[in-house]
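The structure appears below as structure tokens.
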Amino acid sequence: MYKLTAEGKPPTAGGIGIGVGPVTVADYLSRPNLVMQEGGNKLAIAESHRWAGELEDNIARVMAANLGNEMRTSHVLTYPWNGDEGLSYQITLDIRELHGHAEGHAVLDAAWRVYSLPGRTMVTSRTWTATEPFAADGYEELVAAESRLLARLARQIRASLK
């Protein structure tokens, strides 16, 4: 089983309140298995390589840690949370692509919206697509490359708030 990992550790105290989620994923990702693109329009399901838990929850957890690190805050919650008190922003994510490619890289295509709280006023709505090369062969490296892409996505989200 595989899990995504955050880049670095967020601060242990202080900072603005951020809520991450909900996170949605494309239908082809709503399964316990890792996915590889074999070429063109063909995807392959890695039957014996599975996510540890729901992919949406895995992404939300990693993005919360990455955004906490990027925005220098320890006050980051994942959806659902109980009320918006203490939160300044809500960041929703739509993961449209997240898989490996047979050519040796991971692919991420994501859209996000940032809302100011309270009031849920949209601050920004953006999309971002990127690839990340594998450092080695294998599914463990696929997940590591996907994790690096999520760290890069957190940097894009932080930059969109300036």
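Taken together, the values in this text are just the output of simple stated rules run on the coordinates, not laboratory data. Predicted model, so just to flag it, every value in this text is computed and none were measured. Backbone-built Cβ (ideal geometry, glycine too); neighbour counts: all protein chains shown.
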Computed about the Cα centre, the charge dipole of the stretch 1-131 from +1 Lys/Arg and -1 Asp/Glu charges at the Cβ has a magnitude in debye, to the nearest 20, of 220 debye
Averaging 1/r across every pair of distinct alpha carbons in the chain and inverting yields a Kirkwood hydrodynamic radius, in angstrom, of 16.0 Å
Cross-link reach from Lys42 to lysines, straight Cα distance under 25 Å and at least 8 residues apart if same chain, gives Lys3
Out of Gly40, Leu150, Asn69 - ranked by how far each Cα lies towards the positive end of the dipole of the chain, with unit charges on the beta-carbon of charged residues - the top one is Asn69
Taking Cα atoms, the helix 139-160 axis meets the longest principal axis of the chain at an angle in degrees (rounded to 10) of 30 degrees
In nm, the gap between the two label points placed 7 Å beyond Cα toward Cβ at Ala26 and Thr129 is 0.9 nm
Percent antiparallel among DSSP beta bridges confined to the chain, nearest 5, equals 70 percent
Note on the chain: contact order normalised by length, alpha-carbon pairs under 8 Å, 6 or more apart, percent, works out to 28 percent
